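Structure first, commentary second.
The values are calculated or read from the model by the stated rules, or taken from the named source; none is laboratory data. Small disclaimer: the values here were computed from a predicted structure and weren't measured. Neighbour counts are summed over all protein chains in view; Cβ atoms, including those assigned to glycine, are modelled from backbone coordinates with ideal geometry.
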Amino acid sequence: MFDATMMQAVILTLKLAGATTVLLLLVGTPLAWWLSRGRGILRDVAATLVSLPIVLPPTVLGFYLLLAMGPQSPLTALLGRSLAFSFEGLLLGSVIYSLPFVVNPIRNAFEAMGSRPMEVAATLRAHPLDAFVTVALPLASPGILTGAILGFAHTVGEFGVVLMIGGAIPGKTKVISITIFDYVETLDWARAHILAGGMLAFSFAVILAMTLIERRLSGARP
C-alpha cells in the first residue's frame, strides 16, 4: 500500500526538514546568543519577532510570505525569479516558521549557563570567539540538541505555511502533510491512515526523546 507517491512525499519532507534544521542552527545559534546577552528594547523587539510564528496563524504567515515571494516583490527583483511554489520558497518559509522552536531553547540554555563561565574564560585571556566555541557551545549543547529536534519535528509537521507558499506540486512542494490532505479530500482513507499513522508515531518518538533528554539533564544537575 506504501507507493511511490508516498515515498516521494516522505523524501521531500525529510529533505526540507533536514535543510531547515541545518540553516536554523547556523542562524539561530548566534541569534540566540545575542538575545541571551543583556537587555534592551532592540533585543525585546527582536525576541518578539522571533517568537511571533508561535502565535501567528500559519495561513497568515504563509499569506505574507507569498506576497513577499510574488512577482512584484523586492525579493523577486533581487533574485531575478519568484520563490513561490518552489522548494527554495518552502525552505525560506520553513526557516521563518520554525525559527522560535530552535532559537528559544538555545537562548534558554545560554541564559541558564550564566555569565561566570565566559568571565573565567576571559580571565584566561581566551578570545571571545574561542570562548564561545569551546565554553558556551558545549555548555549549551542540551539546548542546541533540543532546538534541533524541535525544529526538525516542527518542519515535518507544518501544513498551513507550505500549502500557502508551495501548493501541492509532486516531487517539488508536496510534502507529507499536503499528501495526507489530498488523500482525505479524495476519500482515500487507507493511504491517509498510513501517512497519518507514521506522523503519529514520529510525534510520539519526538516527545519521548524530549522527555528523556529533560530527565537526563535534571539528573545531571546538582
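Which condition breaks for Lys172 when tested against (1) farther than 29 Å from Leu31 by Cα; (2) under 22 Å from the mean Cα position of the chain (by Cα); (3) assigned to a helix (DSSP H, G or I); (4) of a type in the set (D, E, K, R)?
Exception for Lys172: condition (3).
Could you give every pair whose Cβ atoms fall below 7 Å, whose first residue belongs to segment 130-146 and is of a type in the set (Gly, Ala, Ser) and outside any helix (DSSP H, G or I), and whose second residue is surrounded by fewer than 19 Cβ atoms within 10 Å (Cβ to Cβ) and modelled with pLDDT under 90, counting only separations of at least 6 or pairs across chains?
Ala140/Met113
Across segment 148-165, which residue is nearest to the chain's Cα centre (by Cα) among those that are crowded, with 23+ Cβ neighbours inside 10 Å and farther than 16 Å from Leu14 by Cα?
Within segment 148-165, the match that is nearest to the chain's Cα centre (by Cα) is Val161.
Select from segment 13-43 the residues that are under 13 Å from Phe87 (Cα atoms) and in contact with a Gly (Cβ under 7 Å, 6 or more places away or on another chain) and list them in ascending order.
Selection gives Thr20 alone.
Does Ser177 satisfy the criteria of being exposed (fewer than 15 other Cβ atoms within 10 Å of the Cβ), closer than 26 Å to Pro57 by Cβ and among the polar types (S, T, N, Q)?
Spelling it out, it is not the case that Ser177 is exposed (fewer than 15 other Cβ atoms within 10 Å of the Cβ), closer than 26 Å to Pro57 by Cβ and among the polar types (S, T, N, Q).
Restricting attention to segment 128-135, does a residue exist that is surrounded by 16 or more Cβ atoms within 10 Å (Cβ to Cβ), closer than 30 Å to Ser86 by Cα and in contact with a Phe, Trp or Tyr (Cβ under 8 Å, 6 or more places away or on another chain)?
So far as segment 128-135 goes, no, none of its residues is surrounded by 16 or more Cβ atoms within 10 Å (Cβ to Cβ), closer than 30 Å to Ser86 by Cα and in contact with a Phe, Trp or Tyr (Cβ under 8 Å, 6 or more places away or on another chain).
Please specify each residue of segment 20-46 satisfying the condition of being free of Cβ contacts under 8 Å to residues at least 60 places away in the same chain, touching a helix residue (DSSP H, G or I) at 6+ places or on another chain (Cβ under 8 Å) and under 19 Å from Leu61 (Cα atoms).
The one that is free of Cβ contacts under 8 Å to residues at least 60 places away in the same chain, touching a helix residue (DSSP H, G or I) at 6+ places or on another chain (Cβ under 8 Å) and under 19 Å from Leu61 (Cα atoms): Ala46.
Name every residue in segment 116-127 that is loosely packed, with under 14 Cβ neighbours inside 10 Å, outside any loop (DSSP other than H, G, I, E, B) and of a type outside the set (A, V, I, L, M), in order of residue number.
Arg116, Glu119, Thr123
Return the pair list, or none, for Cβ contacts closer than 8 Å from residues in segment 56-75 that are closer than 17 Å to Thr173 by Cβ to residues that are part of a loop (DSSP other than H, G, I, E, B) and at pLDDT below 95, at least 6 apart or on different chains.
Pro58/Glu158; Pro58/Phe159; Leu66/Ala84; Met69/Ser82; Met69/Leu83; Met69/Ala84; Gly70/Ser82; Gly70/Ala84
Given (1) in contact with a Phe, Trp or Tyr (Cβ under 9 Å, 6 or more places away or on another chain); (2) modelled with pLDDT of 90 or more; (3) closer than 29 Å to Leu61 by Cβ; (4) assigned to a helix (DSSP H, G or I), identify the lone condition not met by Ala190.
Just one mismatch for Ala190, condition (3).
Evaluate the following for Pro74: is it modelled with pLDDT under 95 and within 16 Å of the chain's Cα centre (by Cα)?
The answer is no for Pro74.
Pick out the one residue from Leu66, Leu14, Leu61, Leu56 that is under 30 Å from Leu195 (Cβ atoms) and under 14 Å from the mean Cα position of the chain (by Cα).
Leu14
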